[in-house]
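The structure appears below as structure tokens.
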Amino acid sequence: MSSRVAVLGAGNVGSALAQRLAEGNIADVVLLDVIAGRPQGLALDLTQSRLIQGHDRQILGTTDYNDIHHVDVVVITAGFPRKQGMSRDDLLKLNGNLIQDITRQAVAVAPDAVYVVVTNPLDVMTHVAWQVSGLPPQKVMGMAGVLDAARFAAFIALELNISVKDIRAMVLGGHGDLMVPLPRYSSVSGIPITELLPAATIDRLIQRTRHGGAEIVNLLQTGSAFYTPAAAAALMVEAILSNQARLLPVCAYVEQAYNLRGMYVGVPARIDRQGVAQIVELSLTESELQALHASAYAVQGVIAATQSLLN
């Protein structure tokens with residue numbers, strides 16, 4: 001039987017993700033949205049491109065949660081986008097209640113799926129989805145580190161004028177301004193970037209990575225990034241469905257690693273068919289660990305504040 005993925009939300013990220021999953025021959029797709037006609041129209045458009053794209057993946061557009069039964073992965077992309085001048089945390093109340101409602105409806109018909117959250121503020125929404133789902137934490141994760149690492153890698157490639165294919169980047173922490181790009185664990189063909197770039201340049205690239213989403217928001221003026229978030233989510237979905245045991249930076253539930261207890265935060269993790277199979281604990285310097293803790297506890301503070309805002 002073909003793998004099936006439910007994409008909840010047919011906005012820019014959701015529709016781009018549905019396209020990547022189908023055209024990449026990764027899975028059949030159920031694209032769900034509350035706006036009648038939109039998911040059906042997008043699904044029909046994608047279906048009509050199958051001859052040109054050379055695949056036979058099934059793409060269903062729907063407004064009915066019953067259509068997502070027996071899916072292997074659920075990706076939650078629905079939510080209000082970040083607008084110019086708005087931080088990720090400004091979206092807290094707007095998206096918090098929405099994610100609660102979406103997750104409850106999805107889990108009722110797809111309790112065995114692995115859940116990947118894309119909606120911002122990412123770390124908080126991942127916690128909210130897990131909290132209301134009743135699922136074990138390894139079955140619920142957030143897409144953040146893959147996106148942030150891709151941005152860091154892109155900026156490194158531009159700076160060095162080399163192919164991004166040779167770059168591996170690592171970013172930990174929350175998906176926000178306190179994220180922790182790790183130059184010591186970011187390399188070009190195995191060579192740490194600390195040996196290729198001066199410290200001042202690395203610091204500049206780190207700051208650009210931290211504000212990578214806001215830079216795009218300011219350029220677009222209306223809307224936010226969606227091509228790379230969709231690509232990052234597709235990579236995670238493929239790792240899950242193919243049982244690849246990929247080591248990826250994701251927003252995962254940390255029980256004891258990095259001296260953190262019981263919280264969702266961006267860490268390197270082994271991803272397979274069961275979800276988050278293992279948290280990988282890197283050897284961090286004192287300053288790196290302090291930065292990770294600052295990021296993680298900032299997220300925890302927002303999560304605590306969330307409880308009084310949500311229904």
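The values are calculated or read from the model by the stated rules, or taken from the named source; none is laboratory data. All of these numbers come straight from a predicted model, not from anything done at the bench. With ideal geometry, Cβ positions are generated from the backbone for all residues, glycine too; neighbour counts draw on all protein chains shown.
Side notes on the structure shown:
- Filtering the range 90-112 to residues that are surrounded by 14 or more Cβ atoms within 10 Å (Cβ to Cβ), more than 20 Å from the chain's Cα centre (by Cα) and farther than 14 Å from ILE76 by Cα leaves only VAL109.
- So THR119, is it among the β-branched types (Val, Ile, Thr), in a helix (DSSP H, G or I) and either at pLDDT 95 or above or not assigned by TED's automatic domain parsing to the domain that holds ALA234 (or both): no
- Per the listing VAL250, VAL254, the residue uniquely of a type in the set (Val, Ile, Thr) and either touching a helix residue (DSSP H, G or I) at 6+ places or on another chain (Cβ under 7 Å) or outside the structural domain of PRO229 (by TED's automatic domain parsing) (or both) is VAL250.
- Taking the listed residues ALA225, ALA230, the one that is in a loop (DSSP other than H, G, I, E, B) and under 14 Å from the mean Cα position of the chain (by Cα) is ALA225, with no other qualifying.
- Enumeration of residues in the range 273-292 that are surrounded by 19 or more Cβ atoms within 10 Å (Cβ to Cβ) and within 28 Å of VAL132 (Cβ to Cβ): GLY275, VAL276, ILE279, LEU292
- Scanning the range 29-55 for residues that are within 22 Å of LEU235 (Cβ to Cβ) and in contact with a helix residue (DSSP H, G or I) (Cβ under 7 Å, 6 or more places away or on another chain) yields VAL29, VAL30, LEU31, LEU32, LEU42, LEU46, GLN53, HIS55.
- Boolean, ALA78 is touching a Pro at 6+ places or on another chain (Cβ under 8 Å), buried (at least 20 other Cβ atoms within 10 Å of the Cβ) and more than 20 Å from GLY301 (Cβ to Cβ): no
- Residue list for the range 180-222, restricted to those being assigned to a helix (DSSP H, G or I) and either small (Gly, Ala, Ser) or touching a Leu at 6+ places or on another chain (Cβ under 7 Å) (or both): TYR185, ALA199, ALA200, GLY212, GLY213, ALA214
- Residues in the range 157-183 that are touching a residue at least 60 places away in the same chain (Cβ under 8 Å) and closer than 17 Å to SER283 by Cβ were compared, and the one that is surrounded by the most Cβ atoms within 10 Å (Cβ to Cβ) is GLY173.
- Here the range 67-88 is the region considered, the condition is being of a type in the set (A, V, I, L, M, F, W, C) and within 24 Å of SER295 (Cα to Cα), and the residue that is modelled with the highest pLDDT is ILE76.
- Residue within the range 156-179 that is modelled with pLDDT of 95 or more, closer than 25 Å to TYR297 by Cα and part of a helix (DSSP H, G or I) present: no
- The set of residues from the range 294-311 being more than 17 Å from ALA144 (Cβ to Cβ) and without any contact (Cβ under 8 Å) to a residue 60 or more places away in the chain comprises GLY301, ALA304, GLN307, SER308.
- Scanning the range 242-273 for residues being in contact (Cβ under 8 Å) with a residue 40 or more places away in the chain and under 16 Å from the mean Cα position of the chain (by Cα) gives a total of 13.
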